[in-house]
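The values are calculated or read from the model by the stated rules, or taken from the named source; none is laboratory data. Owing to the predicted nature of the structure, the values given are computational and were not obtained by experimental measurement. Here Cβ is always computed from backbone atoms with ideal geometry, including for glycine, and neighbour counts include all displayed protein chains.
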Amino acid sequence: MNGEGEATPISALRAAAIAFRTRPKSVVAQNRLGDELIQLRQVIDVLEVEFAEIAGAFAATDEYELQGSVSPIEWIRHNCKVSGRTAADRVSVGEQSERLRRSVDAVENGRIGFAHLVVMSRTARALDNSATGGGFDESPLLQAAQHLSVGRFGHYCHHARHAADPEGVVRDEFAAVEWRELHLQTCEDGLVSVSGTLDGAGGAALRTALEPLARRCGVDDQRRRSRRMADALVELATNALDTGAVPQRASQRAHLQVTCSVETLLGLAGAPAAEMEFALPISAKAVERISCDSNVTRILLAEDSAVIDVGRSHRVVAGSTRRALNARDKCCRWPGCDRPASMTAAHHIKHWAHGGRTDLSNLVLLCHRHHWMVHEGGWQLVRSEGDALLTIPPRVDLDHLARGPDRARAA
């Protein structure tokens, strides 16, 4: 209402929107729901154009400064309760609405969506702000927008921008690489929080490496996708350490170093946890898994923890034994898993710390995930006749296994 009690256009629009929202709801036929969605989206897009034009006009004033904001985008973000990206896009569209009049008309006629207009305004702004840009041409972009999804239209605009300003695209790629960052923070419970930002090409390289490792491994793999991607990242890092792909440190190949007592290695009651660099102390089960296929160094300590003697480091699974194991198993022996031998560990069916022999009869190749499942995960591997392997889930006894093979798989 204005000072004379008359309704303003915006208050009338708000009242009409509320009346529409609170109208008596009639049952809409299923084949009409889609039409209603399309029409409603077109109305919203028209209002988005109006909001953008007002936002552009507001940004041209100093009103945001008078109200204590550092920028018009910050003012709009806070007062209109939208994200910073949403505010910036609206200001950009509003500032360029006159030069994009044909595209604005297309939004009002329902031929393109407001999201197409946002992408077009970003392209126009990028070319305008570049000293090497060849100029912005609305016509081919508008024609393409009418038959492309918003995502595909974004790709099209990127190609158009590169054609008009290849040097500007290179500058943006350079800046994106400079924005790369990765944060690893160990939480109080030992979990590690990972966050960061990559440029497009760097992100593509990471996803290309992770996607093959994140596929499901066998019929029993019920992990959600986010878990599989996290496991893939750990596997990628572990494999890089195992193969020596990481640069040496202090004249030694980079590796995980675990320090533990004999009691911890044997899993005896009352034994302390083991120490690992960059992590909280780890369990005896984790030590058991890591030590299956590792280098072991004996260190003798006096009662005051002074070092008395350091033995020579030796490989648990010697090179010749590992080569024979690779030739025999060829890949992870877990049913349904096809990880190659180069991405596996030599697992002792009976651990060497408990008297198991380090020979082919007591060894089997397991990928990093399935090796974890056997040790920390509680699964069991049992040899059957003919050298086949049975995988037994946690808390499943052999009597149940004998009653039916539904929970066990033969390798």
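Here's the yes/no breakdown for (1) out of contact with any strand residue (DSSP E or B) (no Cβ under 8 Å at 6 or more places or on another chain); (2) more than 16 Å from Ala345 (Cβ to Cβ):
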position	(1), (2)
Arg215	yes, yes
Asp221	yes, yes
Arg224	yes, yes
Leu236	yes, no
Thr259	no, yes
Ala274	no, yes
Val287	no, no
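Given the conditions (1) in a loop (DSSP other than H, G, I, E, B); (2) at pLDDT 95 or above; (3) closer than 24 Å to Leu148 by Cα; (4) basic (Lys, Arg), which single one is not true for Lys81?
(3)
Can you tell me which residues in region 105-117 are aliphatic (A, V, I, L, M) and buried (at least 22 other Cβ atoms within 10 Å of the Cβ)?
Val107, Ile112, Leu117
Being exposed (fewer than 13 other Cβ atoms within 10 Å of the Cβ) and either outside the structural domain of Tyr64 (by TED's automatic domain parsing) or of a type in the set (Asp, Glu) (or both), is that true of even one residue in region 84-95?
no
Of everything in region 149-174 that's within 16 Å of Gly113 (Cα to Cα) and in contact (Cβ under 8 Å) with a residue 24 or more places away in the chain, which residue is surrounded by the fewest Cβ atoms within 10 Å (Cβ to Cβ)?
Val150
I'd like to check something: does region 294-305 contain any residue that is modelled with pLDDT under 90 and within 28 Å of Ala214 (Cα to Cα)?
The answer is yes, given that some residue of region 294-305 is modelled with pLDDT under 90 and within 28 Å of Ala214 (Cα to Cα).
For (1) surrounded by fewer than 14 Cβ atoms within 10 Å (Cβ to Cβ); (2) polar (S, T, N, Q), each residue gets a yes or a no:
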residue	(1), (2)
Ala176	no, no
His183	yes, no
Glu211	yes, no
Arg215	yes, no
Thr238	no, yes
Val258	no, no
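Going by the conditions given, is Phe58 in a helix (DSSP H, G or I) and within 22 Å of Gly110 (Cβ to Cβ)?
no
Could you please give the count of residues in region 108-159 that are under 21 Å from Ala87 (Cα atoms) and among the polar types (S, T, N, Q)?
Residues flagged as under 21 Å from Ala87 (Cα atoms) and among the polar types (S, T, N, Q) within region 108-159 amount to 3.
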